[in-house]
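Presented below is the structure to which this report refers.
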Amino acid sequence: MKITRKLKNLVGIDESRSAPPPRYHTITDGLMVTATKAEAWFDLSTSNTDTATDNEKIANLTSVMTAAGKALGERHCHLKVLWGRYNGASYVEEVAGLYEGGMGDGRSWAADWGERIDELGLPQRHLMLGVVIEFRNAGTGTAVSTKANAAMGGDPERISDRALAEWQVAARRILKTLGTSPLRARQSSAEKIAWMLSRETARIKQAIPRDGAIKAPNSNSSCPPRQCPTPIT
């Protein structure tokens, strides 16, 4: 059996490839939940060390390693490099504050350049880090909860508010450490996580939807804005 497994791994037929595709359940800011695990997702910044000295490079790397070791520990992680399109509207929004001092007709110039950016279809690199917060399993407690929800006419796979809150707290703890490191991690928006999934499946270099495109499930929800899970359909 060991020899067979090694031969399969050699040609790229390992257990992970034979596993069923992930079944996505919920997306909210900074979190993605599938049928088997809950993951925290972060945007990472990049820094240019071309002009840094050797000592500065070593110090930068040491700082990243220290922060990662403290925040991530033995957690399963997934680092992704994705390419999308640079969005003209996002550019205009980013530079809007630069022209508030009345220095010429800067806003009009920025709007023209934003249109030009869309025409050029410039690529933009995105560096994202996924961290497994918790593996979800079909243990006795989960099975009982699922049956109870189904019996009461509710969603049999409903995620409790308590579980969602615990995952958000765990994600913020990781963010607190990685955000102050040279990685300058930021919580990924629900829109960007959804874009990440569509980017991987469709292979289309489209722009990321602006924050706020994803809303709570219904207007009567008691969840605070941008805190409610958004089911994947």
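Derivation of every value follows stated rules applied to the coordinates shown; laboratory data play no part. Everything numeric in this text was worked out from a predicted model, so none of it was measured. Neighbour counts are summed over all protein chains in view; Cβ atoms, including those assigned to glycine, are modelled from backbone coordinates with ideal geometry.
Neighbour counting of Cβ atoms within 10 Å sorts the residues Met32, Met65, Met128, Met196, fewest neighbours leading, into Met65, Met128, Met196, Met32.
Each other residue within a Cβ distance under 15 Å of Thr49 adds +1 if Lys or Arg and -1 if Asp or Glu, for a net charge of -1.
Work out the FRET efficiency for Ala163 and Glu94 from their Cβ-Cβ distance, taking R0 = 41 Å, and round it to the nearest 0.05. Walk me through the numbers on the way to the answer.
On the way: r = 36 Å, r/R0 = 0.87.
Given R0 = 41 Å and the Cβ-Cβ separation, E is 0.70.
Taking amide H positions as modeled 1.01 Å from N, with prolines and chain starts lacking one, the residues under 5 Å from Gln124 and 5 or more places away or on another chain are Gly84, Arg85, Tyr86. Computed from phi, the 3J(HN,Hα) profile of the stretch 42-52 under the Karplus parametrisation 6.51, -1.76, 1.60 (θ = phi - 60°) reads 10, 8, 10, 8, 10, 10, 8, 10, 4, 9, 7 Hz, with x in place of Gly and Pro.
Working from label points 7 Å from Cα in the Cα-to-Cβ sense, the Thr49 to Glu134 distance is 3.6 nm.
I'd like to compare 45-58, 77-90, 178-191: which one has the highest average count of other Cβ atoms within 10 Å, and what's the full order after that? Mind showing how you got there, number by number?
On the way: 45-58: 9.5, 77-90: 14.9, 178-191: 19.9.
The most tightly packed comes first, giving 178-191, 77-90, 45-58.
Once the chain from Lys80 to Glu200 is taken as fully extended at 0.36 nm per residue, the excess over their C-alpha distance is 42.2 nm.
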